[in-house]
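Taking it in order: structure first as structure tokens, then the write-up.
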Amino acid sequence: MPSMPVGLSRDLPPKRVMRASVGGQDIVVWRASNGDIAAWDNRCPHRGMALSHGFVRGNALACLYHGWHYEQSGRCSYIPAHPDLDPPATIHTTRFGVTERDGVIWVDTTDTAKPGMLTEPLDPLRSLIAEVSEAAVEAACHSTPFEGEMPQPSGSGLYALGTIRLALLTNPLGPNRTQVTVLTSPGLSLQTRLALSRWCETLRRNAEATGTGGA
Amino acid sequence: MSLHYASNDWYPVADAACLARGPRKTRLLGTDLEVLGPFDHPVVTDMGGRCFPVQVRYNHLWTTIGDDPRPLFDIPEADEPGRRHVPCGVVRVKCSPLRAVENFLDIAHFPFVHTGILGAEPHTEVAAYKAEIREDVDEVWATNISFYQPQAAKSAAGGITTRYEYRVPAPTAAVLYKTCPPRPEAMDVIAIFVQPRSETDCDVWPWMALYDDTTNFADLAQFQQEIFLQDRSILENQRPVKLPLDPKLEIPTRADMTSIAYRRWLKRRGAYYGALTDQT
Ligand code: FES
Ligand SMILES: [Fe+2]
């Protein structure tokens, strides 16, 4: 499984926890108060609770069920039922590779995360989920006009929308479910970014209407 | 095989309030059933019209689909004078029936899941207690438990250190004895009776026998329902869905001695319905 884009850095500020999925693996991604990020199997080793329901305390993620703390390294650092106990090093979460680049969070379940290289600098626009296949999202991108013009593919997964450059990063969540992370040329006006965000909605609707989804 | 063992226990399938609203279509161990009132003369059948035995105990209607059922467990406190019996309705939970029982036996989650009611930080420590399989009765017991609680019961005026005892008389039932705020010398009885619809979903019927003559019935039932709804948000988010009996799959600590005893007891009696085992 290669590294996959699972969301935008700005949607995960310090002390926030989110749920992600790569190749069918349920994942928790969270950011400590100090800004460090971690991605783990979304399962507490104690009694199997989904860690994505947990909360950040300082630089640890606390499980919602019994409040066990896990440090960024995945090691259990505190068990509230036994406040004086130093938890054995054998108690730890299952860690995955995670890295950030161009405002996008990349996760790799088998190796160190290697972000997809963009051939030019782009800014993150938004992340969305479409209930269709990856192929249907790409097909819809070719046929959803932006301000009257069809996007033109320009290599390396990039599209030209008039003078604007746009990248669609896809993470297949299932045969008919795709996470799409959208990046655009840097320095666009707020108005243009809002228009592009609406275009993303139209793209999603077109993909879902014509794609293989819902079959 | 696990189904065969489970089919010879008795399970709750209705209470008086739900039967008063009409027949109840339900499911037990994967078998679709229909329960017809009145509550004192009920009939339980499957979709093919086969009738199953029924009995009314602890304000619930119980049935079994096995050929050779074990007797329904006894709760002697049910017959003590002065206790109010409170059936608390039903909560549907998408989890293993065994995970629902295990959660009921757990106190370490109180400060995090029932915050401000059954527990509160920084009072998170679980002091050593005793958990055992009592060979004479073949039941799991946990005794000598105490825990600080901000609002231990509807009748509690403020925070108290509550004493607890647990008893597991059947794989899908658990009885809790806890300090009764208005009568410190007595113990309230709170039980859950779990109806396994399948290995991965269940209906939970909480029931209480209390010394509380002042709080009205609906408030008592609602207090318990609210607590169980908080538990549901946990139970539907545990993985694997079935309860692992292999001790290597989940990591317990001293606070989990009851859970360890419960899992061991299930394993040795072959009560595998809802469990993750080498065989499944
Ligand atoms: S399941 Fe996470 S702390 Fe118990
Ligand atoms: Fe609970």
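The values are calculated or read from the model by the stated rules, or taken from the named source; none is laboratory data. Nothing here was measured: the structure is a model prediction, and the numbers come from that model. All Cβ positions, glycine included, derive from the backbone under ideal geometry; neighbour counts span all protein chains shown. These accessible areas exclude ligands, DNA and RNA; they are computed on the full protein's heavy atoms, side chains included. Shrake-Rupley method; radii C 1.70, N 1.55, O 1.52, S 1.80 Å.
With N the number of residues in chain B, Rg(Cα) / (2.2 N^0.38 Å) evaluates to 0.97. Spin-label model, residue B:78/residue A:177: points 7 Å from Cα along the beta carbon direction are separated by 4.3 nm. Remark: spin-label model distance residue B:132-residue B:3 equals 3.9 nm, labels positioned 7 Å along the Cα→Cβ axis.
Shape annotation for region A:4-108: C-alpha extents along the principal axes are 43, 28, 21 Å, from largest to smallest. Using the Cβ-Cβ distance between residue A:99 and residue B:226 with R0 set to 41 Å, the FRET efficiency from 1/(1 + (r/R0)^6) comes to roughly 0.45.
Restricted to Cα atoms, region B:146-202 shows a radius of gyration and a Dmax of 14.0, 40 angstrom. Sorting B:136, B:46, B:219 on solvent-accessible area from highest to lowest, probe radius 1.4 Å, gives B:136, B:219, B:46. Placing +1 on the Cβ of every Lys and Arg and -1 on the Cβ of every Asp and Glu, with no other charges, gives region A:4-108 a dipole of roughly 220 debye about its Cα centre.
Kirkwood Rh, Cα Rg: Rg to Rh for region B:151-280? Ratio of gyration radius to Kirkwood radius: 1.00. What the phi angles of region A:10-15 give under the Karplus curve with 6.51, -1.76 and 1.60, with θ = phi - 60°, is a coupling list of 6, 7, 10, x, x, 6 Hz, glycine and proline written as x. Note on region B:75-276: Lys pairs 8 or more places apart or on different chains, Cα atoms under 23 Å apart, count 8. For residue B:198, project a label point 7 Å along Cα to C-beta. Then give me every residue of region B:42-81 with its amide nitrogen under 20 Å of that point. Of the residues in region B:42-81, B:46-48, B:65 have backbone N under 20 Å from the label point off residue B:198.
Would you work out if region B:17-78 is rounded, prolate or oblate? Take a ≥ b ≥ c from the square roots of the eigenvalues of the alpha-carbon gyration tensor; rounded if a/c is under 1.5, else prolate when a/b is larger than b/c, oblate otherwise. Cα axes put region B:17-78 in the oblate bin.
A simple count of charges around residue A:131, restricted to other residues whose Cβ falls under 14 Å of its Cβ and scoring Lys, Arg +1 and Asp, Glu -1, yields 0. Based on every Cα atom in region B:42-167, Rg and the maximum pairwise Cα distance Dmax equal 18.4, 56 Å.
Taking every protein chain into account, the 1.4 Å probe leaves residue B:85 with about 60 Å² of accessible area, to the nearest ten.
Solvent exposure of residue B:268, expressed as accessible area, is near 120 Å², computed with a probe of 1.4 Å over the protein chains only.
Net charge near residue B:77, counting Lys/Arg +1 and Asp/Glu -1 over other residues with Cβ under 11 Å of its Cβ? Its environment carries a net charge of -2. Report the percentage of all Cα-Cα pairs in region A:52-201 whose separation exceeds 28 Å, rounded to a whole percent. Beyond 28 Å sits 39 percent of the P(r) for region A:52-201.
The long axis of helix A:190-210 is offset from the longest Cα principal axis of chain A by roughly 90 degrees.
Each Lys or Arg adds one and each Asp or Glu subtracts one; over the other residues with Cβ under 15 Å from the Cβ of residue A:3, this totals -1. Taking the Cα centre of chain A as origin and assigning +1 to Lys and Arg Cβ atoms and -1 to Asp and Glu Cβ atoms, the resulting dipole is close to 400 debye. Surface calculation, 1.4 Å probe, protein heavy atoms: residue A:27 sits at approximately 0 Å² accessible. Please name whichever of B:30, B:112, B:98 sits farthest to the positive end of the charge dipole of the protein assembly as shown, dipole taken about the Cα centre and charges placed at Cβ: Lys and Arg +1, Asp and Glu -1. Going by the Cα projections, it comes out as B:112. Working from label points 7 Å from Cα in the Cα-to-Cβ sense, the residue A:129 to residue A:160 distance is 3.6 nm.
For region A:123-209, taking the reciprocal of the average inverse distance between every pair of different Cα atoms yields a Kirkwood hydrodynamic radius of 12.8 Å. Computed from the C-beta positions of residue B:248 and residue A:10, the FRET efficiency with R₀ = 41 Å rounds to 0.55. Shown here is the pair-distance distribution of the protein assembly as shown: with all Cα-Cα distances grouped in 10 Å bins from zero up to the longest one, the shares run 4, 17, 23, 20, 16, 12, 6, 1, 0 percent. No disulfide-compatible partner, judged by a Cβ distance under 4.7 Å, exists for the following cysteines of chain A: A:76, A:141, A:200. Counting 0.36 nm for each residue step from residue A:188 to residue A:205 and taking away their Cα separation leaves a gain of 3.7 nm.
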